[in-house]
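Asks: Here's a structure for you.
The values are calculated or read from the model by the stated rules, or taken from the named source; none is laboratory data. The shown structure was predicted, so the numbers you read here are calculated from the model rather than taken from an experiment. Note: ideal-geometry Cβ built from the backbone for every residue, glycine included; neighbour counts use all protein chains shown.
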Amino acid sequence: MAKLLALSLSFCFLLLGGCFALREQPQQNECQLERLDALEPDNRIESEGGLIETWNPNNKQFRCAGVALSRATLQRNALRRPYYSNAPQEIFIQQGNGYFGMVFPGCPETFEEPQESEQGEGRRYRDRHQKVNRFREGDIIAVPTGIVFWMYNDQDTPVIAVSLTDIRSSNNQLDQMPRRFYLAGNHEQEFLQYQHQQGGKQEQENEGNNIFSGFKRDFLEDAFNVNRHIVDRLQGRNEDEEKGAIVKVKGGLSIISPPEKQARHQRGSRQEEDEDEEKQPRHQRGSRQEEEEDEDEERQPRHQRRRGEEEEEEDKKERGGSQKGKSRRQGDNGLEETVCTAKLRLNIGPSSSPDIYNPEAGRIKTVTSLDLPVLRWLKLSAEHGSLHKNAMFVPHYNLNANSIIYALKGRARLQVVNCNGNTVFDGELEAGRALTVPQNYAVAAKSLSDRFSYVAFKTNDRAGIARLAGTSSVINNLPLDVVAATFNLQRNEARQLKSNNPFKFLVPARESENRASA
Amino acid sequence: MAKLLALSLSFCFLLLGGCFALREQPQQNECQLERLDALEPDNRIESEGGLIETWNPNNKQFRCAGVALSRATLQRNALRRPYYSNAPQEIFIQQGNGYFGMVFPGCPETFEEPQESEQGEGRRYRDRHQKVNRFREGDIIAVPTGIVFWMYNDQDTPVIAVSLTDIRSSNNQLDQMPRRFYLAGNHEQEFLQYQHQQGGKQEQENEGNNIFSGFKRDFLEDAFNVNRHIVDRLQGRNEDEEKGAIVKVKGGLSIISPPEKQARHQRGSRQEEDEDEEKQPRHQRGSRQEEEEDEDEERQPRHQRRRGEEEEEEDKKERGGSQKGKSRRQGDNGLEETVCTAKLRLNIGPSSSPDIYNPEAGRIKTVTSLDLPVLRWLKLSAEHGSLHKNAMFVPHYNLNANSIIYALKGRARLQVVNCNGNTVFDGELEAGRALTVPQNYAVAAKSLSDRFSYVAFKTNDRAGIARLAGTSSVINNLPLDVVAATFNLQRNEARQLKSNNPFKFLVPARESENRASA
Amino acid sequence: MAKLLALSLSFCFLLLGGCFALREQPQQNECQLERLDALEPDNRIESEGGLIETWNPNNKQFRCAGVALSRATLQRNALRRPYYSNAPQEIFIQQGNGYFGMVFPGCPETFEEPQESEQGEGRRYRDRHQKVNRFREGDIIAVPTGIVFWMYNDQDTPVIAVSLTDIRSSNNQLDQMPRRFYLAGNHEQEFLQYQHQQGGKQEQENEGNNIFSGFKRDFLEDAFNVNRHIVDRLQGRNEDEEKGAIVKVKGGLSIISPPEKQARHQRGSRQEEDEDEEKQPRHQRGSRQEEEEDEDEERQPRHQRRRGEEEEEEDKKERGGSQKGKSRRQGDNGLEETVCTAKLRLNIGPSSSPDIYNPEAGRIKTVTSLDLPVLRWLKLSAEHGSLHKNAMFVPHYNLNANSIIYALKGRARLQVVNCNGNTVFDGELEAGRALTVPQNYAVAAKSLSDRFSYVAFKTNDRAGIARLAGTSSVINNLPLDVVAATFNLQRNEARQLKSNNPFKFLVPARESENRASA
């Protein structure tokens, strides 16, 4: 209850806190949707190290929501080459672990390689770069507009990353097409094909498809002060188009990264897999431990931070730096707060501590700009939920956001209703498909699998919902006589409507259903 | 003068305070209006307990302003059934008194019925719900996007409520159609007809037209844990479509509400009627008293709050709660401020204390987000004005807002000028009609009735105006030589232009006119 | 380096500081630009005292950027008559010096003429008006939406002022056409012709083309309390249309203005001319002195403010007033901060102190809302740059803004690349032409003249860039192995790419080129 209240308060802050959606509206009539569909990706681009699947952003339900959806799969040792977008992105890690990095212009290179490493090159070798982060299954990664992003899979399990691009964000001053600007390669950007346009001209020019390929050689030679061979590589000349956006790194990538992270990750990964296999309700111990590991960067007291599992000596300096960053953030005077040390990911997966929890029904975890402040800038938030068999979430609507529900595991029956009272969706949503629930449309779901799980991307950094049934719902908060008169009910019937369901959001299966499904 | 300064300062705060309009723009050329019209509602939907009239939101002048206008009339004991909208609403109470409620998700049910009431049902009976508010003539009520709203008329006088929906608000992430989501009933929502679309399909489905009617029965049975009969009522099955959005409540609604409010209201109502009949300039005594009554919730010292007219004992607890709320709001540290206790209405009617006042010309009262903080979220404000016969308000323009002027009483001659210097409106605006004055278009008016009164809805929470004539106007603030050179005048003529009109905004009738009209 | 860091930090503040672009997006596909052009003005309207040239705002690249561009030339003693716009404007003074004024509704008339002046009119004469400002070459002037603006050239050198109007600003609630509302005259507003519309009707009515001409005479007679003759002048009746928006003031304008400003200006002007003629890198002495003069209003310690060059006595009172204003702004408690005393201009021209400086390559100076707070409201910023022959600025992109580059002097070769990797511009930009660089498009330039200078208007008040080459660039901040894998390079080649260019933004000509050009 405290958690739900917290959820609701986050909505309250929104109201008077001066936080607005700051998005473009769809064009006239673009949201007159008489039928929604649970959509699969409709295009697939293979790369050397994986593949990128995209949903057509011109599909009416995506146009209404103003978003573009894509899914990248990275094999072991695959690198998604750096790119930036004209709109903010929220990336959910459906599976796997690895590294990601972003480049914030003007921020210092805070990761430095110790001089003695790679002695084969005779102590001359050294590198400096901006912060590199570890990601794991269940993470939400926030990628701001125009910020260069790359990711890398150093594990055997393929990484699957689902990405929502909020094209109508006010951070995008271009038109309503998702655009990827690649720093390298010689392949078409993944959403370009959907630009209904004379494609002929483009293919004729075919200058290389990355941001450097359009410059003349002499400009780049001067700008980088390098030879022609390197400029050719920069421009992706003669590169095989098949290589694509995700490349294989022979021998793996050697990245400067604090060692304890990796150790932590491996433990975390093991537990998650355990957890996925078991079908009992969440075990407390594992969950709590994971939580600690995931969020200790921010919440753990300093001296108990690690438990002697790693070499303490080596990264003392590094930690000193990051703690300075932390204390700075606590002061929060608006002047020292920089994006250079901002947290860019948060785990909302099954191993995180849920916001809504019912051992017989399921769990829900949300991330808003109150949890991950960088989302204030992106104006996006997300929700991860999982439902037991025949459990449901009650009819509700999004107050201030469109929601794109992507099913991760299992399948569920969903119903969506528009303002005419028409059913615009009544069907199954199964793993790998996405369904748009526009702002204010009512939605309810019942799981058809032992565990149905989903992630919902929401186009507001403090997305709020209003529940239409259950304790503390809209109906519950109306005066009894208003309920009776509104629905043409007797008072005792109205009282049943207000109070018969003792649950807030997640309703367990009825006992009969439980037995049937057992 | 102090008041006008205050008005202007409120504009100044806007400038550097980081407050922006946050609205969508009309599509290209949508504001090339060569002619405006004073429009009446063009559609009328009768209900059991009243009627709803609407203006076509596709009318060019409403499309330019990005708003939808409607007017509801509630007979005695009529309840406007709960609904929510995809965009914020400002409702002005043109006539009548009653109750309204909103449901804020996550806020507690703070109104509780004492256990001993309604003993007929054997002490078992009890109700809890969110705050219920009293409204009276002249109130502006702010209804945020997605928030469930209902209203009820408990008096003999019909309630007339004019509602502006700001479709282009950034709080609306859907397209540019006003949408009402009804919680109950079996009738078409009032703006649906204007969606130029194949209407055939909709009628065929006709699933009930409320937000529950699109769900399958089993979903609702599980979500509410009630029987099929109640679900049928919830879905509006078999309900007569004629019943509509406004229903009659037999025997009246019994709502938990502090008793003193009602007493206050009745006194207030009497005075207002007196006031309307008299034609002398506003009498000080009555006005001051009314003000106290209307605004004492916020401004009156605590211990003098009531004058022994009501049972003090009964609502002591309630008041304790509301005062805690008040002191919280004074602290205003951004953390304790919640929408749960936010003020949602303010009286700007003839009985409120005016911001601009000239006993010979008229009065103007505005409400902005400085008066009613919830408007910061809605990004709307309003103005109520009344002019004596032949008095005028000087040519001026809205700096940062579109303005929709709705005439309440009498008639006036208005002139509106666009950037080409063309007269886009020169005509009469009479009670019940609405005229859009787009941003930056110049407007002036002269009353043709003994008392012409209007309400102007403005699409900015800190709407500001620039006056083109009179003291402190634009002309007045230009250097004399600039005025002379600009208008090709002699210096003494320019000086006349700058200083001949001693009034700021409201100009009384010339003496000759006064006599003629007497 | 410190300066560049500062520049970058300003971007960082943006990120978490809750500052967003707050602009409309172009309509679908409006930014699919396959080719950009360096455009000249395509229309020219002669006036009595000068001329206004405009670029067609319907040109695809301006429509993508959502801006309108125009250029006004004022001869000696010419007054640009007061007007206001439906969108914010940034005006860059390409040449000349003079006065400008704005009228902020509700602000007091703070400039008062001493009673004893102009005794010819017998001491009766006196004037009061709002603040009048001096401008000089290199100034950026910020004109908010709806604020009346005028300017005047009191020097022999013609004033050339380039103005960017941000039509898609959220401060504009009308459609996407730039609109000028003239207070006087009988001439068409400069952008009206571009409204593709039946022009016939307009010409027939031809009511005078200023904001007063559309009102009926009796309204204006009442509003101003002046005679018919003055009203005729107000409405521009019988005025020659040729007179236009810029009028000649016979005998010059007499404006209340503190005397020291003028003295300062004349010195400043002389120095600037010197500076333009010399071709050596900037001489320290002159630059420092200019800076002081231009910015002392804010930065100079009080008692050392002037160096006895002007009559100290005369303006003591005035300065007292302005210092009160200053100390108020330092307190900055949000309550005393008013637009009435806000700084509206800042010099970014060649005599200002640069933000990025390389004596062999050139200089860049930016103005954002951190330098000129009123830009927070306009959501615009600007950059002035100048490059020596064959010097280049490295490939980079605008993170969060569209940029409109207007060449002031000389010519340069620019290349612009879109997300497909296509060259959308590879050509010369010469003085007087403008080129749009959409958000996220990469751009680089090399000067072809001894000194190429430009001003870039940016549609974000904290526009940030990401450099693609050089120290601290995107490439530089990526891990070495990521660079190697991304571009398919050996480690040592990747290291060259990361570190061979020791410059941050401005790269001097290679030695060979220098010699060739010498």
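Asks: Scan region C:382-419 for residues that are within 18 Å of residue A:174 (Cβ to Cβ) and away from every other protein chain (no Cβ under 13 Å) and report the count.
Replies: Of the residues in region C:382-419, 1 are within 18 Å of residue A:174 (Cβ to Cβ) and away from every other protein chain (no Cβ under 13 Å).
Asks: Something else about it: Give the residue, chosen from C:439, C:490, that is within 30 Å of residue A:101 (Cβ to Cβ) and more than 8 Å from chain A (Cβ to nearest Cβ).
Replies: C:490
Asks: Could you tell me whether residue C:363 is assigned to a helix (DSSP H, G or I), in contact (Cβ under 8 Å) with a residue 24 or more places away in the chain and of a type in the set (D, E, K, R)?
Replies: Here the answer is no, as residue C:363 does not meet what is asked.
Asks: Being within 7 Å of chain C (Cβ to nearest Cβ) and farther than 18 Å from residue A:182 by Cα is the filter; apply it to region A:197-216 and report the residue that is modelled with the highest pLDDT.
Replies: Step by step, filter region A:197-216, then rank; the result is A:197.
Asks: For residue B:229, all conditions in the list (1) modelled with pLDDT of 90 or more; (2) within 21 Å of residue B:94 (Cα to Cα); (3) surrounded by fewer than 16 Cβ atoms within 10 Å (Cβ to Cβ) hold save one; what is the number of the exception?
Replies: Going through (1) modelled with pLDDT of 90 or more; (2) within 21 Å of residue B:94 (Cα to Cα); (3) surrounded by fewer than 16 Cβ atoms within 10 Å (Cβ to Cβ) one by one, residue B:229 breaks only (2).
Asks: So for region B:366-373 (the condition being assigned to a strand (DSSP E or B) and in contact with a strand residue (DSSP E or B) (Cβ under 8 Å, 6 or more places away or on another chain)), does at least one residue qualify?
Replies: Within region B:366-373 (the criterion being assigned to a strand (DSSP E or B) and in contact with a strand residue (DSSP E or B) (Cβ under 8 Å, 6 or more places away or on another chain)), the answer is yes, since at least one residue qualifies.
Asks: In this structure, does residue B:466 turn out to be facing chain C (nearest Cβ under 7 Å), over 30 Å from residue C:252 (Cβ atoms), among the aliphatic types (A, V, I, L, M) and in contact with a Pro (Cβ under 6 Å, 6 or more places away or on another chain)?
Replies: In short, no.
Asks: Another one. Restricted to region B:404-424, and to residues that are small (Gly, Ala, Ser) and within 26 Å of residue B:137 (Cβ to Cβ), which residue is surrounded by the most Cβ atoms within 10 Å (Cβ to Cβ)?
Replies: Restricting to residues being small (Gly, Ala, Ser) and within 26 Å of residue B:137 (Cβ to Cβ), the top hit is B:412.
Asks: Also: Can you tell which of B:37, B:42 is on the phi < 0 side of the Ramachandran plot and in contact (Cβ under 8 Å) with a residue 60 or more places away in the chain?
Replies: It is B:37.
Asks: If I ask for residues that are in contact with a helix residue (DSSP H, G or I) (Cβ under 9 Å, 6 or more places away or on another chain), under 16 Å from residue A:368 (Cβ atoms) and of a type in the set (Val, Ile, Thr), which ones from region A:448-473 would you list?
Replies: If the condition is that a residue be in contact with a helix residue (DSSP H, G or I) (Cβ under 9 Å, 6 or more places away or on another chain), under 16 Å from residue A:368 (Cβ atoms) and of a type in the set (Val, Ile, Thr), then A:459, A:465 are the ones that fit.
Asks: Then there's this: Identify all residues within region C:144-159 that are more than 14 Å from every other protein chain (Cβ to nearest Cβ) and crowded, with 22+ Cβ neighbours inside 10 Å; write none if there are none.
Replies: Answer for region C:144-159, where residues must be more than 14 Å from every other protein chain (Cβ to nearest Cβ) and crowded, with 22+ Cβ neighbours inside 10 Å: just C:159.
Asks: Regarding residue C:481, is this residue in a strand (DSSP E or B) and either at the interface with chain A (Cβ under 8 Å from one of its Cβ atoms) or surrounded by fewer than 24 Cβ atoms within 10 Å (Cβ to Cβ) (or both)?
Replies: No: the conditions fail for residue C:481.
Asks: A follow-up question, please. Restricting region A:355-370 to residues that are under 15 Å from residue A:445 (Cβ atoms) and of a type in the set (Gly, Ala, Ser), which is surrounded by the most Cβ atoms within 10 Å (Cβ to Cβ)?
Replies: The residue in question is A:362.
Asks: Moving on to the next point. Taking the residues in region B:33-52 that are crowded, with 18+ Cβ neighbours inside 10 Å and within 14 Å of chain C (Cβ to nearest Cβ) as candidates, determine which candidate is modelled with the lowest pLDDT.
Replies: My answer is B:33.
Asks: If I go through region C:158-188 residue by residue, how many of them are farther than 28 Å from residue C:239 by Cα and part of a loop (DSSP other than H, G, I, E, B)?
Replies: Selection size over region C:158-188: 9.
Asks: Turning to a different aspect of this structure: What do you reckon, is residue B:427 within 12 Å of another protein chain (Cβ to nearest Cβ), over 25 Å from residue C:177 (Cβ atoms) and more than 20 Å from the chain's Cα centre (by Cα)?
Replies: When the stated conditions are applied, residue B:427 passes them.
Asks: Any idea which of B:401, B:391 is touching a residue at least 12 places away in the same chain (Cβ under 8 Å), within 18 Å of residue B:453 (Cα to Cα) and either surrounded by fewer than 22 Cβ atoms within 10 Å (Cβ to Cβ) or assigned by TED's automatic domain parsing to the domain that holds residue B:455 (or both)?
Replies: B:391
Asks: Determine which single condition residue A:454 fails, assuming it passes every other condition in (1) hydroxyl-bearing (Ser, Thr, Tyr); (2) part of a helix (DSSP H, G or I); (3) more than 30 Å from residue B:252 (Cα to Cα).
Replies: Just one mismatch for residue A:454, condition (2).
Asks: A further question follows. Considering A:191, A:219, which residue is modelled with pLDDT under 95 and either at the interface with another protein chain (Cβ under 8 Å from one of its Cβ atoms) or more than 27 Å from the chain's Cα centre (by Cα) (or both)?
Replies: A:219
Listed here are the residues, each with its yes/no results for (1) farther than 30 Å from residue B:433 by Cβ; (2) at pLDDT below 85.
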site: B:97; (1), (2): no, no
site: B:104; (1), (2): yes, no
site: B:114; (1), (2): yes, yes
site: B:118; (1), (2): yes, yes
site: B:122; (1), (2): yes, yes
site: B:127; (1), (2): yes, no
site: B:130; (1), (2): yes, no
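Asks: Let me ask something else. Within the set of pairs 6 or more residues apart or between chains, which connect a residue that is at the interface with chain A (Cβ under 7 Å from one of its Cβ atoms) and under 19 Å from residue A:474 (Cβ atoms) inside region B:177-188 to a residue that is among the β-branched types (Val, Ile, Thr) and not in a loop (DSSP other than H, G, I, E, B) with Cβ atoms less than 8 Å apart?
Replies: Correct list of pairs: B:183/A:474; B:183/A:475; B:183/A:486; B:183/B:148; B:184/A:486.
Residue by residue, here is whether (1) in contact with a Leu (Cβ under 9 Å, 6 or more places away or on another chain); (2) of a type in the set (A, V, I, L, M) holds:
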| site | (1), (2) |
| --- | --- |
| C:459 | yes, no |
| C:462 | yes, no |
| C:475 | yes, yes |
| C:485 | yes, yes |
| C:488 | no, no |
| C:499 | no, no |
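Asks: Here's a follow-up. From the list B:432, B:470, B:427, which one is small (Gly, Ala, Ser), outside the structural domain of residue B:137 (by TED's automatic domain parsing) and surrounded by 23 or more Cβ atoms within 10 Å (Cβ to Cβ)?
Replies: After ruling out the rest, the residue left standing is B:470.
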